[in-house]
Amino acid sequence: MKVLFIGGTGTISSACTRLALEQGVELYLFNRGQTSTDLPAGAHLIQGDINNRDEAEALLKGHTFDTVVDWIAFGVEQVERDIELFSGRTGQYVFISSASAYQKPVAHYRIDEGTPLANPFWEYSRKKIACEDRLMREYRDNGFPITIVRPSHTYSPSRLPTAIGGGPNVIARLRAGKKLIVHGDGESLWVMTHNTDFAKAFNGLFAHPKAIGHAYQITSDEVLTWNQIYAILGTAAGAEPQLVHIPSDFINHHDPATGAGLLGDKACSVVFDNSKIKELVPGYTATVSFSQGAKECVAWLDADPQRAQIDKEKEAMMDRVITAYEKAWA
């Protein structure tokens, strides 16, 4: 099987890259900034700028693929480019969308692929919806062989998952006994998915004829509250979390960039029904618990002091929001 990844070294895609190579896939990575020392053993590098049409056409000349996956398309102009580049060049085009595209506010906590797509709170999600709409139209009108995949909150050992503030900041605050923001009352339901679990389901879609024209969500089946998530992070870090519960609307007022991702995604209780992907990829089960994954994340941070560098802007944002909230209660 010959597969092309546009990108392929990110939080989610890196696990899919490793697994594909283990599975014997003939894997090509189209990547502008990658060097040969970063190239996974066994992968083929196509080094260039996918946004430079002439350069991309020249680099892809003579290539056809069973599957093309664009990991870094975030706007309609990028999928338009891909339609032009890969029509007639691939048997399957996989677009990485987002589970945040699902209807907000949620009409029902249980989410499946039939849940409507609508998100007035987060521009990122609206752009993903627009991409899905454009690709589905191309499939219907011209037979472009699309498959859409909607990940939710997927993490890796090097990308610790949090709702607010970023991984290194959260672990540092935990260990320093500083207060941590948890949106709402912390009892909304959420799902964390380890990237190696995601890869097991995702790679099963490659060149699958029944996947053409369909959308699939891929997540873990482990459902946790945000209070439980922070308790697990505290256990992994060896510290007791000092939590401050702050309404998402209040956070959004003081920091709209963070608030958009809360109101448009993480503040909502969601449970994902993975029946559709399991039907196509028999035996798919997410096996990495968040407790295990959190320990991996903390161990990765602790292995090199350079990895635990604090984002000063995020640190200041958390302190600013906490101070404003406590003053409002005074």
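Out of everything in segment 126-151 that is crowded, with 22+ Cβ neighbours inside 10 Å and under 18 Å from the mean Cα position of the chain (by Cα), what residue ends up being nearest to Lys266 (Cα to Cα)? My answer is Arg150.
Tallying residues that are under 27 Å from Ile322 (Cα atoms) and touching a His at 6+ places or on another chain (Cβ under 8 Å) within segment 155-180 yields 4.
If you go through segment 152-208 and keep only what is among the basic types (Lys, Arg), over 19 Å from the mean Cα position of the chain (by Cα) and either modelled with pLDDT under 95 or surrounded by 22 or more Cβ atoms within 10 Å (Cβ to Cβ) (or both), you end up with just Arg173. Checked against the criterion of being in a loop (DSSP other than H, G, I, E, B), farther than 25 Å from Gln309 by Cα, modelled with pLDDT of 95 or more and of a type in the set (S, T, N, Q), segment 112-126 has at least one qualifying residue. Please verify whether segment 299-312 includes one or more residues that are in contact with a Lys or Arg (Cβ under 9 Å, 6 or more places away or on another chain), closer than 30 Å to Phe206 by Cβ and hydrophobic (A, V, I, L, M, F, W, C). The answer is yes; a qualifying residue exists. When segment 115-149 is limited to residues that are of a type in the set (Gly, Ala, Ser) and in contact with a helix residue (DSSP H, G or I) (Cβ under 9 Å, 6 or more places away or on another chain), the one that is farthest from Arg89 (Cα to Cα) turns out to be Ala118. Among what's in segment 22-65 and is more than 22 Å from the chain's Cα centre (by Cα) and among the hydroxyl-bearing types (Ser, Thr, Tyr), pick the residue that is nearest to Ala211 (Cα to Cα). That would be Thr64. Within the option set Ala41, Ala15, being touching a residue at least 12 places away in the same chain (Cβ under 8 Å) and either polar (S, T, N, Q) or part of a helix (DSSP H, G or I) (or both) holds for one residue only, Ala15.
Working only within segment 66-82, note down all residues that are of a type in the set (A, V, I, L, M, F, W, C) and within 15 Å of Ile212 (Cα to Cα). Matches in segment 66-82: Val68, Val69. Among residues of segment 252-264 that are at negative phi, those with a beta-carbon under 7 Å from a residue that is aromatic (Phe, Trp, Tyr) and surrounded by 20 or more Cβ atoms within 10 Å (Cβ to Cβ) at least six positions away or on a different chain give the pairs Ala260/Phe121; Ala260/Trp122; Gly261/Trp122; Leu263/Phe121; Gly264/Phe121; Gly264/Trp122.
Results for (1) more than 21 Å from Ile232 (Cβ to Cβ); (2) not in a loop (DSSP other than H, G, I, E, B), shown as yes or no for each residue.
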site: Ala286; (1), (2): no, no
site: Lys295; (1), (2): no, yes
site: Ala299; (1), (2): no, yes
site: Gln306; (1), (2): yes, yes
site: Glu313; (1), (2): yes, yes
site: Met317; (1), (2): yes, yes
site: Arg320; (1), (2): yes, yes
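Scanning segment 82-109 for residues that are under 26 Å from Asn51 (Cβ atoms), touching a strand residue (DSSP E or B) at 6+ places or on another chain (Cβ under 9 Å) and not polar (S, T, N, Q) gives Asp82, Ile83, Leu85, Phe86, Arg89, Gly91, Tyr93, Val94, Phe95, Ile96, Ala101. Screening Ala330, Ala324, Ala308 for residues that are loosely packed, with under 12 Cβ neighbours inside 10 Å and either under 20 Å from the mean Cα position of the chain (by Cα) or not charged (D, E, K, R) (or both) leaves exactly one candidate, Ala330. How about segment 57-80: which of its residues are in a loop (DSSP other than H, G, I, E, B) and more than 14 Å from Thr147 (Cβ to Cβ)? Answer for segment 57-80, where residues must be in a loop (DSSP other than H, G, I, E, B) and more than 14 Å from Thr147 (Cβ to Cβ): Lys61, Gly62, His63, Thr64, Ile72, Phe74, Gly75.
The values are calculated or read from the model by the stated rules, or taken from the named source; none is laboratory data. Because the structure is predicted, anything quoted here is derived from the model rather than measured. FYI the Cβ positions are ideal-geometry reconstructions off the backbone, even for glycines, and counts take in every protein chain you see.
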